[in-house]
1. Every residue in the range 221-238 that is more than 17 Å from Ala68 (Cα to Cα) and crowded, with 21+ Cβ neighbours inside 10 Å, please.
2. Go through the range 129-161 and give me each residue that's of a type in the set (Ser, Thr, Tyr), open to solvent by 20 Å² or more (accessible area, probe 1.4 Å) and touching a residue at least 24 places away in the same chain (Cβ under 8 Å).
3. Which one is farthest from the chain's Cα centre (by Cα), of the residues in the range 40-63 that are within 11 Å of Arg249 (Cα to Cα), open to solvent by 30 Å² or more (accessible area, probe 1.4 Å) and aliphatic (A, V, I, L, M)?
4. Quick check on Pro115: is it farther than 13 Å from Val207 by Cβ, modelled with pLDDT of 95 or more and open to solvent by 10 Å² or more (accessible area, probe 1.4 Å)?
5. Within the range 313-357, which residues are among the polar types (S, T, N, Q) and surrounded by 20 or more Cβ atoms within 10 Å (Cβ to Cβ)?
6. Filtering the range 74-107 down to residues that are open to solvent by 60 Å² or more (accessible area, probe 1.4 Å) and not in a loop (DSSP other than H, G, I, E, B), which residue is nearest to Pro202 (Cα to Cα)?
7. Please go through the range 144-193 and pick out each residue that is more than 16 Å from Leu231 (Cβ to Cβ), under 16 Å from the mean Cα position of the chain (by Cα) and of a type in the set (Val, Ile, Thr).
8. Considering each of Asn32, Asn71 in turn, give the residue that is free of Cβ contacts under 8 Å to residues at least 24 places away in the same chain, surrounded by 12 or more Cβ atoms within 10 Å (Cβ to Cβ) and closer than 23 Å to Ala263 by Cα.
Amino acid sequence: MSRFWSPVVQTLTPYVPGEQPQMRRLVKLNTNESPYGPSPKVLAAISQQTNSDLRLYPDPEGVALKKAIANLHGLDPKQVFLGNGSDEVLAHVFLGLLKQKDAVLFPDITYSFYPVYCKLFGINYKTIPLGSEFEIKVADYQSPNGGVIFPNPNAPTGRAIPRSEIETLLSRNKESVVVVDEAYVDFGTESCIPLLRGANCPENLLVVHTLSKSRALAGLRVGFAIGHPDLIEGLERVKNSFNSYPLGRLAQAGAIAAIEDQAHLEESSKKIAETRTRLVKELDALGFDTLPSSANFIFTRHLKHTGSKLYQALRERGIIVRHFRLPRIEEFLRITIGTDEQSNELVAALKEILASD
């Protein structure tokens, strides 16, 4: 601790991202990256931009990318906000929309960056317990609040709620913003973006997306939010008071190509969903209890073995999954859905571990 730190730095407990180990032989199933890589059109678009124009600043507004996103979803570009990954988008959301008099509400088991943002920006928050089956219960989000935020599907559980329930939540929270973090929506649940089309676009709904998961661009760092133009204007004011050039030329070019290649997105997402179904069935035969997942990961526990033991035993075999030492979920492992070959290695390792006892 430095004596030159500001008081706020001394109180922070930073978010801890998934480990990026440097191991010679590794089956990496801990950070929900795509096993299939981005669209070839993305690589071509980035290559075309690697020229002397890199000496110039990128478009600070990302006009072409906003138009591509708006065209895909049948929206006005004024409804689109861009950021350097969805984590930066969320940071602007917390500061620009959720820093209110009343506490912001989010689940007690969810994306662990949410409380970090609250502490960084001095935002009051209250966690709402998930149900007995680790489900989000929208009826629990009716108390006065400064906003509601949750992922759908939720992370790390993978459980999703239907769009109809989110519409009910919106109708009961008309005086505050509802933020739906749809990082994993392409793997099996309904997006709320259709609610934002046309004249009946709700003033209090914001949907956040990332290109890191289903579009396999975690290394490019592109995220966006979609909402009523008034919400987007507020986010732009925050962005332009912090970093007016968040997305570089290569990121914008690659993102446009990814957005326009919907066929690649659908193909890779389908393969991941099929592997997920098969993996859950195989784990069930080994005595695992797995929550229903609509994401590119599963949340599972063994009825006779601790999560910490299984995590360590897999690691010793070069297979990295995610383990959270937190109340209610310390016996679970979060396992990214990889290729069929990676899943086979995981299952074989688990059989070996379980047979050794």
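The values are calculated or read from the model by the stated rules, or taken from the named source; none is laboratory data. Predicted, not measured: the structure shown is a model, and the values here were computed from it. Don't worry about glycine lacking a Cβ; one is built from the backbone with ideal geometry, like all the others, and counts go over all protein chains shown. With ligands, DNA and RNA removed, areas are computed over all heavy atoms of the protein, side chains included. Shrake-Rupley method; radii C 1.70, N 1.55, O 1.52, S 1.80 Å.
1. Passing the criteria: Leu231, Leu235.
2. Ser143
3. Leu56
4. Working: farther than 13 Å from Val207 by Cβ: yes; modelled with pLDDT of 95 or more: yes; open to solvent by 10 Å² or more (accessible area, probe 1.4 Å): yes.
Answer is yes for this residue.
5. Thr336, Ser343
6. Filtering first and then ranking leaves Lys78.
7. Selection gives Thr157, Ile161, Val185, Thr189.
8. One residue alone meets the criteria, Asn71.
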